[in-house]
Amino acid sequence: MKPGHKRMSRMLGYCLTLGTADAWSGFSFVASARLSEIERAALAFSALKSLEVPHAEMTAAAAFRGAGTPLPPFLGGMEEARSWAADAGPAELKAVALAAFEALDPRDQAAFFRHISEMEVAA
């Protein structure tokens, strides 16, 4: 067994024994240093395949959680909104955009619709 793989095996044992978020975060850090990207991908794939589909989906989603809940605006809001949107995934963007639009009063909805109708939308 390669020395790096032996160290990773020991690290896995420590993480399983401790079972803390800090231990698993450390595992992630050490795996990045000791294993190749192909080895880490194979490990992740095997771990996800060992789970029932709903748990595998939740685990993958947690690993790539996107931007999370938008923060309340501090001063004006557009800078914070754009910063949040840069980190958000497509599903988050669609959900928040629709919810925000639906929360507007009818006059603001009409003004927003006029604004986006005037914009050149990339196909």
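The values are calculated or read from the model by the stated rules, or taken from the named source; none is laboratory data. Just so we're clear, the structure is a prediction, and the values are computed from it rather than from any experiment. All Cβ positions, glycine included, derive from the backbone under ideal geometry; neighbour counts span all protein chains shown.
Within region 101-118, restricting attention to residues that are aliphatic (A, V, I, L, M) and out of contact with any helix residue (DSSP H, G or I) (no Cβ under 9 Å at 6 or more places or on another chain), which residue is modelled with the lowest pLDDT?
Per the criteria, the residue is Ile116.
Could you please tell me which pairs satisfy a Cβ distance under 9 Å, a separation of 6+ or placement on different chains, a first residue in region 20-48 that is touching a residue at least 12 places away in the same chain (Cβ under 8 Å), and a second residue that is surrounded by 13 or more Cβ atoms within 10 Å (Cβ to Cβ) and not in a helix (DSSP H, G or I)?
Leu43/Leu35
What do you reckon, is Ala97 modelled with pLDDT of 90 or more, more than 30 Å from Ile116 (Cα to Cα) and either out of contact with any Ser or Thr (no Cβ under 9 Å at 6 or more places or on another chain) or in a helix (DSSP H, G or I) (or both)? Don't jump to the end; show me each part of the working.
Values: modelled with pLDDT of 90 or more: yes; more than 30 Å from Ile116 (Cα to Cα): no; either out of contact with any Ser or Thr (no Cβ under 9 Å at 6 or more places or on another chain) or in a helix (DSSP H, G or I) (or both): yes.
Considered against the rule, which asks whether it is modelled with pLDDT of 90 or more, more than 30 Å from Ile116 (Cα to Cα) and either out of contact with any Ser or Thr (no Cβ under 9 Å at 6 or more places or on another chain) or in a helix (DSSP H, G or I) (or both), Ala97 comes out as no.
Only residues that are at pLDDT below 90, among the small types (Gly, Ala, Ser) and in a loop (DSSP other than H, G, I, E, B): list them for region 39-84, please.
Scanning region 39-84 gives Gly66, Ala67, Gly68, Gly76, Gly77.
Quickly run through region 8-34 and pick out the residues that are closer than 17 Å to Ala44 by Cα and of a type in the set (D, E, K, R).
Scanning region 8-34 gives a single hit, Arg34.
Yes/no per residue for (1) more than 27 Å from Ala86 (Cβ to Cβ); (2) out of contact with any helix residue (DSSP H, G or I) (no Cβ under 9 Å at 6 or more places or on another chain); (3) loosely packed, with under 11 Cβ neighbours inside 10 Å; (4) not aliphatic (A, V, I, L, M):
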site: Gly13; (1), (2), (3), (4): yes, yes, yes, yes
site: Gly26; (1), (2), (3), (4): yes, no, no, yes
site: Arg34; (1), (2), (3), (4): yes, no, no, yes
site: Glu37; (1), (2), (3), (4): no, yes, yes, yes
site: Ala63; (1), (2), (3), (4): no, no, yes, no
